[in-house]
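Q: Here it is, the structure in full.
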């Protein structure tokens, strides 16, 4: 039994949103009590004490869209890579990387992503994977790392015809095999059915995805991130990308569409009517120069919008901070986006995660510190310089707390990161493996030794 205390508890439970000197008590994989530290100390005197050192004790953060395959790209400059548009960026950089990823390379990417996530208080990830050099077994390789590290993960593979029919067939099969396997597992591993983007998914591929999925799970697809989807759907299919997805039976409550920067108002109504989710990735969109998604309009039309990073960062609080000024700049209004930002990260991300994890027979609610909830907890160092309480905690988080302030991360009751140190992994072995794999990948990409 663990008692996380000596800090301010931010529960995300509307009944008791904030406890000034609070504590969270964990028994195995569940939270059993939340209250003042004095009461928790008295009720659970033998619990192991996890010291928050006066910081913020919060629910573990959830990242609704990332790409593990980018894990070895930090510091990499690919020879000849100088994109002037989004498609060139994909072709020269990201597709180039995933075409060279072996299964060991995928494992190394997973280690990097999960360690960086824990360092930033992220306890649940939704990953959209691609490793077109070695597709079969790639999702299972990632889940092995997730189980070793203790990460809660929902995985899928991005189906695409960009490397031909054999690779498309393999990617459909990998999704189907993993989804069937994950359906039998506990609430630490889940699956979606991935697709790259409409401009690399012909009608036959969409139909085969639906057939292979057979209603087992939702779909996770990039939609209208750049204009490529818009032109492809209009010129080849005579409709919008959203209507293609509707016609093929892919939209629905458990489906999550990435980006949706260039969808029409009518498309938005279709997304809302089908209860399909959208995941926004503000920094990645800005970095790729593809535009700013009209998230405020999504909210007005009743769409559930979640927040991801697209692997631009593993710091969800950094994404939160970027989202607000980008939406204000896009709308030319200085008084918008605050409420939407908090709703996305803390409410909607939890809602989607609960569909995939809490809905399992052994599942527990995510995104909240309350009795019966999953024991996913993140502690952030934050010596507030001004008054802090239930009425203004979101302002402190938005303008004050950073992901790198994370001191301790607990997932499913397992302390994976304590006082800025990983607790039960062989970090030296993992670091050496990651470095070796990155040198191999970089060497192949640039035809040289590192």
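A short reminder: the numbers here are calculations on the coordinates, not readings from a lab. Keep in mind that what you see is a predicted model, and the values were worked out from it rather than measured. Backbone-built Cβ (ideal geometry, glycine too); neighbour counts: all protein chains shown.
Q: What is the gain in length, in nm to one decimal, between residue 43 and residue 399 on full extension, counting 0.36 nm per residue of separation less the C-alpha to C-alpha distance?
A: This chain segment gains 124.6 nm when fully extended.
Q: Quick one: angle between helix 103-119 and the longest Cα principal axis of the chain, in degrees between 0 and 90, rounded to 10, please.
A: 40
Q: Using alpha carbons only, how many angstrom separate the centre of segment 47-64 from the centre of segment 137-151?
A: 24
Q: Follow-up question, since we're still on this one. Using the basic label-point model (7 angstrom from Cα toward the beta carbon), what is the residue 351 to residue 21 distance in nanometres?
A: In this crude label model, residue 351 to residue 21 measures out at 3.8 nm.
Q: A further question on this structure: Between 0 and 90 degrees, rounded to the nearest ten: what's the tilt of helix 203-213 against the longest Cα principal axis of the chain?
A: Helix 203-213 sits at roughly 40 degrees to that axis.
Q: Of 284, 331, 117, which has the largest mean-square fluctuation in a 10 Å C-alpha GNM of the chain?
A: 331
Q: Do you know the relative contact order of segment 62-358, to the nearest whole percent, from alpha carbon pairs under 8 angstrom that are 6+ apart? Let's see the in-between values first.
A: Values: 553 pairs, mean separation 50.7, N = 297.
Relative contact order for segment 62-358 comes out at 17 percent.
Q: Could you compute how fast segment 194-323 diffuses translationally, taking Rh as the Kirkwood radius over C-alpha pairs and applying Stokes-Einstein at 4 °C with viscosity 1.567 mPa s? Give it in µm² per second.
A: On the way: Rh = 14.8 Å.
Translational D for this selection: 87 µm²/s.
Q: State the dimensionless ratio Rg/Rh of segment 21-175 (Rg: radius of gyration of Cα atoms; Rh: Kirkwood radius).
A: On the way: Rg = 20.4 Å, Rh = 18.1 Å.
Reported Rg/Rh (Cα atoms, Kirkwood Rh): 1.13.
Q: So what's the back-of-envelope 222 nm ellipticity for the chain, counting only DSSP H runs of four-plus at -39500 (n - 2.57) apiece and dividing by all residues, rounded to 500?
A: On the way: 17 runs with 160 residues, N = 450.
Theoretical 222 nm ellipticity from helices: -10000 deg cm²/dmol.
Q: Continuing with this model, one more query. Quick one: angle between helix 138-149 and the longest Cα principal axis of the chain, in degrees between 0 and 90, rounded to 10, please.
A: Value to nearest ten degrees: 10.
Q: What does a probe at residue 273 reach in segment 287-325, counting residues whose amide N is under 20 Å from the point 7 Å along Cα→Cβ?
A: 297-305
Q: For segment 310-450, what's the relative contact order in percent, using C-alpha pairs closer than 8 Å and at least 6 residues apart? Kindly include the intermediate steps, with their values, before the conclusion.
A: Values: 125 pairs, mean separation 24.5, N = 141.
Computed over segment 310-450, the figure is 17 percent.
Q: With springs connecting C-alpha atoms under 10 Å apart, model the chain as a Gaussian network and identify which of 259, 237, 67 has the largest mean-square fluctuation.
A: Among 259, 237, 67, the largest GNM mean-square fluctuation belongs to 237.
Q: Quick check: residue separation of residue 79 and residue 421 times 0.36 nm, minus the Cα distance between them. What number comes out in nm? Each step should come with its number before you reach the end.
A: Working: separation 342, 0.36 × 342 = 123.12 nm, distance 3.59 nm.
The span from residue 79 to residue 421 would gain 119.5 nm if fully extended.
Q: Still on this model: Based on the mean of other beta carbon atoms within 10 Å per residue, what is the order of 122-130, 162-170, most packed first?
A: Ranking the peptides 122-130, 162-170 by packing returns 122-130, 162-170.
Q: Taking springs between alpha-carbon atoms closer than 10 angstrom, which of 229, 405, 426 fluctuates most in the Gaussian network model of the chain?
A: Between 229, 405, 426, it is 426 that shows the largest mean-square fluctuation.
Q: Give me the percent of Cα-Cα pairs in segment 264-401 that sit more than 22 Å apart, rounded to a whole number. Let's see the in-between values first.
A: On the way: 4280 of 9453 pairs.
Roughly 45 percent, once rounded to a whole number.
Q: Rounded to the nearest 0.05, what FRET efficiency do residue 446 and residue 88 give with R0 = 22 Å and r taken as the Cβ-Cβ distance? Could you check?
A: Values: r = 18 Å, r/R0 = 0.82.
The formula returns an efficiency of 0.75 here.
Q: Tell me, in nm to one decimal, what length is gained between residue 433 and residue 297 on full extension, where the rule is 0.36 nm per residue of separation less the Cα-Cα distance? Walk me through the numbers before you get to the answer.
A: Values: separation 136, 0.36 × 136 = 48.96 nm, distance 4.52 nm.
Gain in length upon complete extension: 44.4 nm.
Q: Also, I was wondering about something else. Could you tell me how far the Cα centroid of segment 159-220 sits from the Cα centroid of segment 323-388, in Å?
A: 28
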